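To start, the structure itself, in structure tokens.
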């Protein structure tokens, strides 16, 4: 009884870790650099980034489920083509649904909706995860990874939009405290239009990657320092003990 | 139809609407295989071949199979299948005729299936409506020319980028920026340079 609940708890934990890993530790864009094309092309605002992310959530979750359902039926030689057909089918469904229910999103994403087929993230998860794991695990993995992808797209879209236009997403501007006053400042003065263009995508992703690298490196350094300090402490203690022992034995003989 | 149409198609696909820096197609191989200029050249040769043949085939399939039967909505599935089987075929063909060429290009061919530049150019050829502008026959010529231009643009940019990255390896870059981050900044500056070509045609 006790054992079974412990097992359940552990299983729940693995589900949770499986879901959460896509957000930070194995983020598709910032760690694995997968799916860079949409990450650069459709992130000129928070809105389009979010839209692209949601389409990928749909496609990746469903394709992971289907791939893991039929993983034992597919011969190894034609694995990749059959995965591509599965993914392409879901992309076509998504494309038609977007055209019907969200025409503005369909317009702004344009050619990048059919190109979800060749998004390396989806193919990568199909071959490296869904073809080896159970249906539930694959579904959770797909959902978590795709949501991590969405968060990354939104982060990039948000930074590009705020640098280029001063808006914080969906065309909303925060009130500027000095607007219309003595200095007559407005957002138009600080707009850097380069960030909405193609160059901005590369620059923003490069800067974010460097920031995450710096955080990771400082954490690593701290860990190393802690370890070194711990080793020194142990060494000192051992030396102390040795000296004490030597003194004791010297006292005993004297 | 005069020659200027082809010239404009090549220049616009190669420089002004560069696949990598302006349209963001094929960024994965652009970042992935650009560490050495040799591998970059190999990759761009393979891409050039598959892109040109692939866009001819997909164009023909779209206008002679999908459109008459009114099933254009499955174009994405049809295109990716054509490209995947074309890559497979090219791989077997090259293996048969030349071991040397296979050794040089072989490792890049499987990667090309998931190169979004190939599928992207095939889709763009349809979306730009060359067939409506020039008729299906001449539209094929324009589509092929712009595929050649796009492939040349890909080769140009990936070769320049790999040469810069070779120099960057020796440069004293801050620790956090080493590797991909500084390469992305370089790509951003290259995109800025290409922005200057906008409006030539």
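Being over 16 Å from the mean Cα position of the chain (by Cα), crowded, with 16+ Cβ neighbours inside 10 Å and either facing chain B (nearest Cβ under 9 Å) or modelled with pLDDT of 90 or more (or both) holds for only one residue in A:91, A:57, and it is A:91.
You will find that of A:50, A:46, A:69, the residue that is over 30 Å from residue A:158 (Cα atoms), in contact (Cβ under 8 Å) with a residue 12 or more places away in the chain and either surrounded by fewer than 18 Cβ atoms within 10 Å (Cβ to Cβ) or in contact with a helix residue (DSSP H, G or I) (Cβ under 6 Å, 6 or more places away or on another chain) (or both) is A:69 and no other. Applying the condition of being touching a helix residue (DSSP H, G or I) at 6+ places or on another chain (Cβ under 9 Å) and free of Cβ contacts under 8 Å to residues at least 12 places away in the same chain to segment B:151-173 and asking which residue is farthest from residue B:40 (Cα to Cα) yields B:173. Would it be correct to say that residue B:148 is within 14 Å of chain A (Cβ to nearest Cβ), assigned to a helix (DSSP H, G or I), touching a residue at least 12 places away in the same chain (Cβ under 8 Å) and more than 22 Å from residue A:30 (Cα to Cα)? Here the answer is no, as residue B:148 does not meet what is asked. Based on what the data block shows, is residue B:123 more than 19 Å from residue B:23 (Cβ to Cβ), out of contact with any strand residue (DSSP E or B) (no Cβ under 8 Å at 6 or more places or on another chain) and part of a helix (DSSP H, G or I)? In short, no. The residues of segment A:191-244 that are surrounded by 12 or more Cβ atoms within 10 Å (Cβ to Cβ) and more than 9 Å from chain B (Cβ to nearest Cβ), listed by number, are A:191, A:192, A:195, A:196. Among residues that are closer than 18 Å to residue B:5 by Cα and either facing chain A (nearest Cβ under 8 Å) or in contact (Cβ under 8 Å) with a residue 60 or more places away in the chain (or both), residue B:191 is not included.
Assess whether residue B:74 counts as being at the interface with chain A (Cβ under 10 Å from one of its Cβ atoms), within 13 Å of the chain's Cα centre (by Cα) and within 26 Å of residue A:89 (Cβ to Cβ). No, not satisfied. One residue alone among A:78, A:111 is out of contact with any helix residue (DSSP H, G or I) (no Cβ under 7 Å at 6 or more places or on another chain) and either on the phi > 0 side of the Ramachandran plot or in a helix (DSSP H, G or I) (or both), and that residue is A:78.
The values are calculated or read from the model by the stated rules, or taken from the named source; none is laboratory data. Nothing here was measured: the structure is a model prediction, and the numbers come from that model. As a convention, Cβ positions derive from the backbone with ideal geometry for all residues, glycine included, and neighbour counts pool all protein chains shown.
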